[in-house]
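Participant: Structure in structure tokens, see below.
Here, each number is a calculation from the coordinates, and none is a lab measurement. Everything numeric in this text was worked out from a predicted model, so none of it was measured. Note that each Cβ is placed from the backbone with ideal geometry, even for glycine, and that neighbours are counted across all protein chains shown.
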Amino acid sequence: MSASTGPDPAAAARRRVPLREIAHARAGDKGNISSVAVFAFEPRHYAALKAQLTPERLRAEFGGVLRGTITRYELDGLHGLNFVMTEALEGGVNSSLNLDSHGKSWSFLLLGLEVEVEP
Amino acid sequence: MGIPFRIGTGAGFSADRLDPAVDLVQRGELDCLVFECVGERTLAFGHRDRMRDPAAGYNKLLAPRFRAILPLAREHGTRVITNMGAANPRAAAERTVALARELGLRGLRVACVEGDDVTARIGPETALPELGRTVGEVSAAGQPLVGANAYIGADALLPALEAGADVIVAGRVADPSLFLAPMRHAFGWGGADWARLGAGTAVGHLLECAAQVTGGYFADPGVKPVENLAYVGFPIAEVAADGSAVITKLPQTGGCVTLRTVKEQLLYEIHDPARYFTPDVVADFSTARLAEAGADRVAVSGAVGRARPDQLKVTVAFDGGVLAEAEVGYAGPGAKGRARLAGEIVAERMAHVHGFGGELRIDLIGVGALHGSAVERPAETQDVRVRAALRTSDRELAEALLWEVESLLCCGPAGGGGFRGHVTPSVVTHSAFLSRDQVTTRVEVLEA
């Protein structure tokens, strides 16, 4: 099949899934810094996480609450990514007016994103 | 290889359950049981309580916990270590001794570890680097200094272990250090044995939140099922002399220990995994290896460390006035529109009737609250609660918020009900740093 006829079969074969289907996550807090670690359930999905779950994407999606820097640490041996986000807790556990002042639910904020995976 | 050192977790936070700790001390054949009960939030509450009553400021569950645990710990030869002293370790240790006498545990040796309270070392010029302001600037803005605690390390506990204390009561000991101290004592690790201190810190870090490594804070039905979470078991580490360990739990308890639960906890509250700062060591978890070692058994090895930091982190607490929170609910068709209108009315009246110029938060619980500042996910819902919240040092403004929300029952949108409101004293915290020579810890052993 030539590239000019029909959709790219590889792209057509990819599917968009909620991150929660292929990954698990846990959120923690220190002061006004939130850290969320995201792990692929299956090692084969880790590359998709690494390619699509970037600091730039998190900032674009959640800029309203992630107001500082976003640093990503890659744990290839654990198939996990650790996101460290400054000024991300509306002041921190003792200052925030959020019901979830620890940002414990930030893990599910990230798990609500969609990612493209190979079938 | 030698006999592994068996260390368990009796509590992973201030309000943790008690029955899993009782089970562990009865059936765990433990050398040591650690109750980790201090966080930024709980330490702030401790200072708040101590301001009101000089004999308070330690964990409120200390007496019920120790009433259940201490007789069993003595029977099984298990040493108990805790930071339940929080903002007042002296009062906590004295309460422990009195309780031991009540329980007939004559001769029980209770060590009191002090010196983490560094309030006297904090002045107006002390910098709060994350905030970008000084202590004096925060105080001048209406939040007076309440207290300050340095994170102290395993070396602060070693004299108590060497003195043969049965129970060690401390305040702001760094969480993993509570676990590292008995490992250092058991294996004779030196204070500059960075590789083993890093490995032991990884084990302590995995244990410090109790059920968070055995299936708690993990279950997500349909994706991550966990059996019998109502009776989740607390963790045990079987630690070897090189600092490697197996993380497990008692048979016939709920929860699970799997690669997934251990991975999530390994990175919990960690920033750079290659540089985890504690008072004892700069630990490196990036080299850690995890392997399944049987049912509910995960082997952890390979974590290392480098020389400890020269400075100690300090949590500085300030009087934050009060937190006022009030709620009212709307249900049925159009609930969201009525709830939104209610929130607008409260915001309008707090600004223009009461002259409140600070930050007022309005949440529509059921439509978007916890994630409300991050994403707008419009949803039609039949059940919405409006929540209004503010912080202030003016008690009257706090009461005004509750009044405004309650008055919606008659003056607000149709069908509002279920008002709840409360005003809670508030302590805010920021981090500072002190050089080690500014912090002197001491141990006194009291006998019941």
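Participant: Could you work out, residue by residue across A:84-93, how many beta carbons of other chains sit within 10 Å of that residue's beta carbon, and then give the average as an integer?
Facilitator: Mean partner-chain Cβ count within 10 Å for A:84-93: 3.
Participant: By its C-alpha gyration tensor, with a ≥ b ≥ c as the square roots of the eigenvalues, how is the stretch B:186-310 shaped: rounded for a/c under 1.5, else prolate for a/b larger than b/c, else oblate?
Facilitator: Prolate, because a/c is 1.5 or more and a/b exceeds b/c.
Participant: Still on this structure, please answer the following. Please give me the summed charge of the neighbours of A:A51: other residues whose Cβ is under 11 Å from its Cβ, Lys and Arg +1, Asp and Glu -1.
Facilitator: Local charge sum for A:A51: +1.
Participant: Another question about this same structure. Could you work out how far helix B:335-352 tilts from the main Cα principal axis of chain B, as a 0 to 90 degree angle to the nearest 10?
Facilitator: The answer is roughly 90 degrees.
Participant: For the protein assembly as shown, what is the mean residue ellipticity at 222 nm derived from helices alone (per DSSP H run of n ≥ 4: -39500 (n - 2.57); sum divided by total residues; nearest 500 deg cm²/dmol)?
Facilitator: Rounded to the nearest 500, it is -8500 deg cm²/dmol.
Participant: While we're here: What ranking of B:V203, A:V93 emerges when the number of other C-beta atoms within 10 Å of each C-beta is taken as an exposure proxy, fewest first?
Facilitator: Taking fewest neighbouring Cβ atoms as first place, the list is A:V93, B:V203.
Participant: If we restrict to alpha carbons, what Rg and Dmax does chain B come to, in Å?
Facilitator: Here Rg and the maximum Cα pair distance are 24.1, 74 Å.
Participant: For the protein assembly as shown, what does the equivalent ellipsoid look like in terms of its semi-axes, each the square root of 5 times an eigenvalue of the Cα gyration tensor, given largest first in whole Å?
Facilitator: In descending order, the three semi-axes are 39, 33, 23 Å.
Participant: I would also like to ask the following. Between B:E75 and B:E162, what length comes free when the chain is fully extended (0.36 nm per residue of separation minus the Cα-Cα distance, one decimal in nm)?
Facilitator: 29.2 nm
Participant: Right, next: Take every residue in peptide B:271-278, count the Cβ atoms of other chains within 10 Å of its Cβ, and give the average of those counts. Intermediate results must be reported in sequence, preceding the final value.
Facilitator: Values: counts 9, 5, 7, 2, 1, 0, 0, 0.
Average per residue, whole number: 3.
Participant: Also: Let me check against my output: what whole-number percent is the relative contact order of chain A, with C-alpha pairs under 8 Å and at least 6 apart?
Facilitator: Values: 200 pairs, mean separation 44.6, N = 119.
Relative CO of chain A lands at 37 percent.
Participant: Hey, another quick one. Return the Rg/Rh value of chain A, two decimal places, where both radii are evaluated on C-alpha atoms and Rh is the Kirkwood radius.
Facilitator: We get a ratio of 1.07 for chain A.
Participant: If contacts are Cα pairs under 8 angstrom and at least 6 residues apart, what is the relative contact order of the stretch B:153-197 in percent?
Facilitator: Once divided by the residue count of the stretch B:153-197, the mean separation gives 43 percent.
Participant: State, as an integer percentage, the relative contact order of the stretch B:320-428 based on alpha-carbon contacts under 8 Å between residues 6 or more apart. Please list the in-between numbers first.
Facilitator: On the way: 219 pairs, mean separation 53.2, N = 109.
Once normalised by length, the contact order is 49 percent.
Participant: Taking amide H atoms as placed 1.01 Å from N in the peptide plane, list the residues 5 or more away in sequence, or in a different chain, whose amide H sits under 5 Å from that of B:V427.
Facilitator: Answer set, sorted by chain and number: B:G320.
Participant: Any idea what the dipole of the stretch B:320-428 comes to, in debye rounded to 20, about its Cα centre with Lys/Arg Cβ at +1 and Asp/Glu Cβ at -1?
Facilitator: Dipole of the stretch B:320-428, to the nearest 20 debye: 200 debye.
Participant: Where does the stretch B:320-428 land on the Kirkwood hydrodynamic radius, alpha-carbon pairs, in angstrom?
Facilitator: Values: mean 1/r = 0.0717 Å⁻¹.
One over the average 1/r among Cα pairs gives 14.0 Å for the stretch B:320-428.
Participant: Then there is this: Which stretch or stretches of the stretch B:241-269 have amide N atoms under 12 Å from the point lying 7 Å from B:R27's Cα along the Cα→Cβ direction?
Facilitator: Under 12 Å, as judged by backbone N against the label point of B:R27, lie B:249-255 of the stretch B:241-269.
Participant: Given springs between every Cα pair under 10 Å in a Gaussian network model of chain B, which of B:P159, B:P221, B:P124 has the largest fluctuation?
Facilitator: B:P221
Participant: Looking at the protein assembly as shown only, what percent of DSSP beta bridges run antiparallel? Nearest 5 please. Numbers along the way, then the final one.
Facilitator: Values: 93 of 109 bridges.
That works out to approximately 85 percent antiparallel.
Participant: Please work out, to two decimal places, the log10 of the ratio I(q)/I(0) at q = 0.16, 0.18, 0.19, 0.22 Å⁻¹ from a Debye calculation in which every Cα of the stretch B:282-373 carries one identical scatterer.
Facilitator: -0.80, -0.92, -1.00, -1.21
Participant: Sort the following peptides by mean Cβ neighbour count (other Cβ atoms within 10 Å, averaged over residues), highest first: B:169-177, B:440-448. Write down the numbers at each step before the final one.
Facilitator: Working: B:169-177: 28.6, B:440-448: 15.7.
Descending packing order for the listed peptides: B:169-177, B:440-448.
Participant: At 0.36 nm per residue, minus the direct Cα-Cα distance, what do B:A55 and B:S435 gain on full extension? Give it in nm, one decimal, please. Write down the numbers at each step before the final one.
Facilitator: Details: separation 380, 0.36 × 380 = 136.80 nm, distance 2.95 nm.
Stretched out fully, the B:A55 to B:S435 stretch lengthens by 133.9 nm.
Participant: Here is a follow-up. Please determine, in degrees from 0 to 90 and to the nearest 10, the orientation of helix B:89-102 with respect to the longest principal axis defined by the Cα atoms of chain B, where the helix direction is its Cα long axis.
Facilitator: 70 degrees
Participant: Considering every residue in A:60-66, what mean count of other chain Cβ atoms within 10 Å of its Cβ is obtained?
Facilitator: Rounded to a whole number, the mean comes out at 3.
Participant: Counting Lys and Arg as +1 and Asp and Glu as -1, each charge on the Cβ, what is the dipole of the protein assembly as shown about the Cα centre in debye, to the nearest 20? Each step should come with its number before you reach the end.
Facilitator: Working: 58 positive and 68 negative charges, 85 e Å.
Dipole of the protein assembly as shown, to the nearest 20 debye: 400 debye.
Participant: Once the Cα atoms of helix B:194-207 and of chain B are each reduced to a long axis, what angle between those two axes, in degrees from 0 to 90 to the nearest 10, is obtained?
Facilitator: 50 degrees
Participant: Mind checking which of A:L78, A:L49, A:L19 has the largest fluctuation in a GNM of chain A, springs on alpha carbons under 10 Å?
Facilitator: Largest GNM mean-square fluctuation: A:L78.
Participant: Excluding B:R387 itself, what net charge comes from residues whose Cβ is under 10 Å from its Cβ, given Lys and Arg +1 and Asp and Glu -1?
Facilitator: Its environment carries a net charge of 0.
Participant: Rank B:I3, B:A98, A:A47 by how far each Cα sits towards the positive end of the charge dipole of the protein assembly as shown (+1 on Lys, Arg Cβ; -1 on Asp, Glu Cβ) and give me just the farthest.
Facilitator: B:I3
Participant: In addition: At q = 0.14, 0.16, 0.17 Å⁻¹, work out log10 I(q)/I(0) for the stretch B:1-60 with the Debye formula, treating every Cα as an identical point scatterer and leaving solvent out; two decimals please.
Facilitator: -0.52, -0.62, -0.66
Participant: Once you've got the GNM for chain B with C-alpha springs shorter than 10 Å, pick whichever of B:C411, B:C256, B:C37 has the biggest mean-square fluctuation.
Facilitator: Sorting by GNM fluctuation, first place goes to B:C411.
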